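To keep things clear, I will list the structure first and then write my remarks on it.
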Amino acid sequence: MQLREIHIDGFGVFNNKRVTGLKPGVNIVYGKNEFGKTTLLEFIRRILFGFPTKTKNNKTNLYQPVNGGSMGGSLKVELQNGEGLVISRTPGTHGGEVRISTPQEVLRGQDVLNHVLGNASKDIYQNIYAFTIDELHDFKSLSGDEVKNRIYGAGL
């Protein structure tokens, strides 16, 4: 699956923001400090794996929209067979409502999305496919058994 376009309705400092021009292979996002690079990466993660909910013991940044817009957005992706999909999500219980729009139908649910993602977990995605410089420096992030197994499997 290749990411082709990002549309943010509202997330952190972004509202009604579209990112286009993503190409096959490695795409590097760069910019000055506080430009929104980490916010953009976190948006992609949350569209794919769900929006967290804040609890008393959890200090997770929810990235509430500060410049307007409704929390959520979509990713346009292309599958290996060339089929285009739009994955969209809004916050709610159990990570929020996720929709996968194909040219023929609209599918719903994290289980369907997990299948599209090849059942890659959030840890796999965060440690292999999309990570920040800070996460790259944090070698503890690569300590999960699942991540080790996937890296070893990819090497074979």
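Below is a table of values for the structure above.
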{"item": "Residue in the range 82-95 that is part of a loop (DSSP other than H, G, I, E, B), more than 16 Å from MET1 (Cβ to Cβ) and either out of contact with any Asp or Glu (no Cβ under 9 Å at 6 or more places or on another chain) or not small (Gly, Ala, Ser) (or both) present", "result": "yes"}
{"item": "Residue in the range 102-112 that is out of contact with any Ser or Thr (no Cβ under 8 Å at 6 or more places or on another chain), in contact (Cβ under 8 Å) with a residue 60 or more places away in the chain and outside any loop (DSSP other than H, G, I, E, B) present", "result": "yes"}
{"item": "Near pairs, Cβ below 6 angstrom, 6+ apart or cross-chain, from the range 70-96 (at positive phi) to any residue that is of a type outside the set (Phe, Trp, Tyr) and assigned to a strand (DSSP E or B)", "result": "GLY72/ASP9; GLY72/ARG89; GLY72/THR90; GLY73/HIS7; GLY73/ILE8; GLY73/ASP9; GLY96/ARG89; GLY96/THR90"}
{"item": "Every pair of residues 6+ apart whose Cβ atoms lie under 8 Å, when the first sits in the range 13-29 and is of a type in the set (Val, Ile, Thr) while the second is open to solvent by 60 Å² or more (accessible area, probe 1.4 Å) and assigned to a loop (DSSP other than H, G, I, E, B)", "result": "VAL13/VAL66; VAL13/ASN67"}
{"item": "Hey, GLU83 modelled with pLDDT under 95 and open to solvent by 50 Å² or more (accessible area, probe 1.4 Å) or not", "result": "yes"}
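Yes or no, residue by residue, for (1) out of contact with any helix residue (DSSP H, G or I) (no Cβ under 7 Å at 6 or more places or on another chain); (2) buried (at least 16 other Cβ atoms within 10 Å of the Cβ); (3) modelled with pLDDT under 95; (4) not in a helix (DSSP H, G or I):
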residue	(1), (2), (3), (4)
VAL26	yes, no, yes, yes
LYS32	yes, no, yes, yes
THR39	yes, yes, yes, no
LYS54	yes, no, yes, yes
GLY68	yes, no, yes, yes
GLY73	no, yes, no, yes
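The values are calculated or read from the model by the stated rules, or taken from the named source; none is laboratory data. Quantities reported herein were computed from a predicted structural model and do not represent experimental measurements. Please note: Cβ atoms are built from the backbone with ideal geometry, for glycine as well, and neighbour counts cover all protein chains shown. These accessible areas exclude ligands, DNA and RNA; they are computed on the full protein's heavy atoms, side chains included. Shrake-Rupley method; radii C 1.70, N 1.55, O 1.52, S 1.80 Å.
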